[in-house]
1. If I go through segment 8-25 residue by residue, how many of them are surrounded by fewer than 14 Cβ atoms within 10 Å (Cβ to Cβ) and either touching a residue at least 40 places away in the same chain (Cβ under 8 Å) or hydroxyl-bearing (Ser, Thr, Tyr) (or both)?
2. Please find, among 23, 40, 49, 83, the residue that is farther than 19 Å from residue 6 by Cβ and not aromatic (Phe, Trp, Tyr).
3. Counting only residues that are assigned to a loop (DSSP other than H, G, I, E, B), of a type outside the set (Val, Ile, Thr) and more than 13 Å from the chain's Cα centre (by Cα), which one in segment 48-85 is surrounded by the most Cβ atoms within 10 Å (Cβ to Cβ)?
4. Mind checking which residues of segment 10-45 are assigned to a helix (DSSP H, G or I) and farther than 21 Å from residue 88 by Cα?
Amino acid sequence: MAYSDQAQLSNDNDFVMRLAACAAVELDFAPGGDQPTGWAANNVWLIAASPGFADAYATAVLNGVPRPGNDPGVITDAMILAAVQALPPAS
C-alpha cells in the first residue's frame, strides 16, 4: 500500500458516500447531532487505512475501473461494514 493510494481513496466522494450510507444503517445518530455524511468525512482516513482497502483501490485505478470508490467489486460492502463496526460508536 502506498500512502498516495490511501490519500486518493480518502478523497473519493463516491467512497465517502458509501461510508455514510453504511453509517446511516449501522450507527445511532441523534437528531440535530452528527449525521452520517459528517461521520464519514471525519472517519474516512481511518477506514481507508483498513487492510486491503488502498491496495484494492490502487489496483482498480490501474486497471481503469470507472468510479472505483463506487464499485462494490473493488471494495465490498462487507469490507466497509467490518471497518465501520470496528470503530468506536458515533457520538
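1. Filtering segment 8-25 down to residues surrounded by fewer than 14 Cβ atoms within 10 Å (Cβ to Cβ) leaves 11, 13-14, 25.
If we keep only those that are either touching a residue at least 40 places away in the same chain (Cβ under 8 Å) or hydroxyl-bearing (Ser, Thr, Tyr) (or both) as well, we get 13-14.
Matching residues across segment 8-25 total 2.
2. Values: 40 fails: farther than 19 Å from residue 6 by Cβ; 49 fails: farther than 19 Å from residue 6 by Cβ; 83 fails: farther than 19 Å from residue 6 by Cβ.
It is 23.
3. Within segment 48-85, the first condition is being assigned to a loop (DSSP other than H, G, I, E, B), and the residues that meet it are 49-52, 63-67, 71-76.
Subset that is of a type outside the set (Val, Ile, Thr): 49-52, 63-64, 66-67, 71-73.
Among the residues that remain, those that are also more than 13 Å from the chain's Cα centre (by Cα) are: 63-64, 66-67, 73.
On the way: 63: 9, 64: 7, 66: 7, 67: 12, 73: 9.
Among those that are assigned to a loop (DSSP other than H, G, I, E, B), of a type outside the set (Val, Ile, Thr) and more than 13 Å from the chain's Cα centre (by Cα), it is 67.
4. From segment 10-45, those assigned to a helix (DSSP H, G or I) are 10, 13-26, 36-45; that's our starting set.
Matches in segment 10-45: 13, 14.
Bear in mind these aren't lab numbers, they're just calculated from the coordinates by the rules spelled out. Just so we're clear, the structure is a prediction, and the values are computed from it rather than from any experiment. In this analysis, Cβ positions are derived from the backbone assuming ideal geometry, glycine residues included, and neighbour counts consider all displayed protein chains.
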